[in-house]
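Here's the structure, in structure tokens; my notes come after.
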Amino acid sequence: MKFFHISDLHIGKRVNGFSMLEDQKYILNQIIELAKEQEPDGIFIAGDLYDKSTPSAEAVEMVDWFLSQAAQLGIKVWAISGNHDSAERVAYGSRMLEQAGIHMAKVFDGTLQSYTYTKEGDEKAYIWLLPYIRPAQVRRFFPDKTIDTTQQAVKAVLETAKLQHDGTNILIMHQFIAGAAVCDSEEMSIGGLDQVDVSVLEGFDYVALGHLHRPQKVMGENVRYCGSPLKYSFSEAGQEKSVTVIETGPEPGKIKIDTLPLVPRLDLREMKGPMEKILQKEVSASANPEDYLHITLTDEEEILDAIGKVREVYPNIMKLDFESSGQKSQEEETEIQIDKKTPGELFAEFFFRQNGRDMNQKQEKTVEKLMNEIFGRDV
């Protein structure tokens with residue numbers, strides 16, 4: 001059996017004010033074309049179909065088009081909701097969609113939803129769906145367990161799975177596995193309360209993860225984030241996006257993993273240098289000048305209407321920054337001086353930068369008193 005693993009479509013997303021709908025339609029069509037070539041048995045969508053819990057009409061229509069294309073090709077789909085989705089909206093119409101081989105995860109009700117897919121020759125895959133969950137959603141279904149963290153919530157749910165040994169057990173899940181690498185376009189909770197240890201996934205032959213946009217494996221080949229199909233932040237500029245392909249054989253638990261590259265309509269990349277060089281024809285022609293760009297200008301002198309001049313050559317510039325050697329030196333000097341100053345001196349400098357004036361005598365005494373209480377010494 002062969003399956004595609006994709007996630008984090010974020011249909012309807014805007015990046016730095018730019019709508020990505022046209023780019024998303026382009027990349028979804030590319031996935032459909034790959035499906036025509038590869039003829040997978042099914043597609044796993046590991047959450048975040050939409051970018052918002054209340055997606056636009058255009059976003060809903062695009063997801064509907066993608067699922068319809070898969071159904072017309074006779075390719076089954078198993079999809080779960082992510083933290084950006086509304087679980088209720090993703091689950092809507094799921095009973096009718098199942099008749100077309102489109103299996104959308106229902107709203108979490110305390111049980112782990114599962115399907116058995118059998119191919120000719122009695123080869124079986126047991127597919128388990130766990131949509132994005134929070135401790136508060138799970139706690140009421142397990143009154144005898146302590147569930148204060150996502151780790152505890154996921155562990156409680158997965159412990160109810162009765163894994164089968166006559167086929168391949170595949171879990172589709174949308175969570176943050178501890179130790180995985182993150183990107184700027186992802187939402188992480190403060191303090192790590194949303195992290196799940198990979199040990200709770202033990203027993204599954206393959207775990208199709210969603211939530212993180214960087215393609216990566218986590219503590220072994222068979223626990224994988226496929227990554228988003230498009231770049232949604234400049235921290236992803238150097239990444240290569242792809243579809244993860246899982247192939248199972250007649251022997252239960254044996255899995256072969258591969259990737260198929262995805263090529264965007266417009267790339268998202270970074271450039272750096274002086275204005276004169278950035279605007280040179282040979283530089284702009286070295287890649288598509290209509291790509292989505294973050295450009296950092298290193299000119300020493302001030303440039304009038306820099307964004308206007310850059311946009312004449314690079315119409316889809318998303319972000320423009322300035323960096324001079326003087327700024328670098330000042331930053332380096334600041335870093336060096338920090339270690340040589342007392343906390344009181346550092347706070348005085350901070351106050352000046354924030355307010356444009358020095359502290360008055362009363363404020364200085366208040367700060368001195370607080371510093372003494374905190375550090376237990378003169379500051």
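Which number comes out as Rg/Rh for the chain once both Rg and the Kirkwood Rh are worked out on C-alpha atoms? Before the final figure, lay out each step's value.
Working: Rg = 25.7 Å, Rh = 23.9 Å.
In the chain, Rg relative to Rh is 1.08.
Computed from Cα atoms, the angle from the helix 325-338 axis to the main principal axis of the chain rounds to 90 degrees.
When the chain is treated as a Gaussian network with alpha carbon springs shorter than 10 Å, the biggest mean-square fluctuation among Lys319, Lys277, Lys369 belongs to Lys369.
About the Cα centre of the stretch 139-264, what is the dipole size in debye to 20, counting +1 per Lys and Arg Cβ and -1 per Asp and Glu Cβ, all else neutral?
Working: 12 positive and 17 negative charges, 29 e Å.
Once rounded to the nearest 20, the dipole reads 140 debye.
From the P(r) of the stretch 184-314, can you give the percent of Cα pairs sitting at distances over 27 Å? The answer is 42 percent, as a whole percent. The GluC sites (Glu not before Pro) of the stretch 113-188 that meet both conditions, a loop assignment by DSSP and at most 12 other Cβ atoms within 10 Å of the site Cβ, are Glu120, Glu159, Glu187. Note that the stretch 64-81 has calculated 3J(HN,Hα) couplings of 4, 4, 5, 5, 5, 4, 4, 5, 5, 7, x, 9, 6, 10, 10, 10, 10, 8 Hz, one per residue in order, obtained from phi through the Karplus relation 6.51 cos²θ - 1.76 cosθ + 1.60 (θ = phi - 60°); glycine and proline are x. Taking amide hydrogens as placed 1.01 Å from N in the peptide plane, the amide H of Gln113 sits under 5 Å from those of Leu129, each at least 5 positions away in sequence or on another chain. Each DSSP beta bridge with both residues in the stretch 67-153 is either parallel or antiparallel, and the antiparallel ones are about 70%. In this structure, the amide hydrogen of Ile43, modeled 1.01 Å from its nitrogen in the peptide plane, lies closer than 5 angstrom to those of Phe4, Lys76, Val77, Trp78, counting only residues at least 5 positions away or on a different chain. Amide hydrogen proximity for Lys241: with H placed 1.01 Å from N in the peptide plane, the residues at 5 or more positions away or on another chain lying under 5 Å are Leu262.
Highest mean first, how do 7-20, 145-158 rank when packing is the count of other Cβ atoms within 10 Å averaged over residues?
On the way: 7-20: 20.6, 145-158: 18.6.
Ranked from most to least packed, the peptides come out as 7-20, 145-158.
The 3J(HN,Hα) values that the Karplus relation (6.51, -1.76, 1.60; θ = phi - 60°) gives for the stretch 98-108 are, in residue order, 4, 5, 9, x, 9, 9, 9, 4, 7, 5, 4 Hz. Gly and Pro appear as x. Computed log10 I(q)/I(0) for the stretch 32-140 at 0.10, 0.11, 0.22 Å⁻¹: -0.30, -0.37, -1.30, from the Debye equation with unit scatterers placed on every C-alpha and solvent omitted.
Seen from Gly12, the other residues with C-beta closer than 15 Å to its C-beta sum to a net charge of -4, counting Lys and Arg as +1 and Asp and Glu as -1.
Per-peptide packing, taken as the mean over residues of other Cβ atoms within 10 Å, places 161-174, 208-221, 292-305, 232-245 in the sequence 208-221, 161-174, 232-245, 292-305 from highest down.
Taking trypsin sites (Lys or Arg not before Pro) across the stretch 76-134, none is in a DSSP loop with at most 15 further Cβ atoms lying within 10 angstrom of its Cβ. The HN-Hα couplings worked out from phi for the stretch 261-274 by the Karplus form 6.51 cos²θ - 1.76 cosθ + 1.60 (θ = phi - 60°) are x, 10, 10, x, 4, 10, 7, 10, 9, 10, 9, 8, x, x Hz, whole numbers, x standing for Gly and Pro.
Each reported figure results from applying straightforward, stated rules to the coordinates on display, with no laboratory input. These figures come from a predicted structure and were not determined experimentally. Note that we place each Cβ from the backbone using ideal geometry, even for glycine, and neighbour counts take in every protein chain shown.
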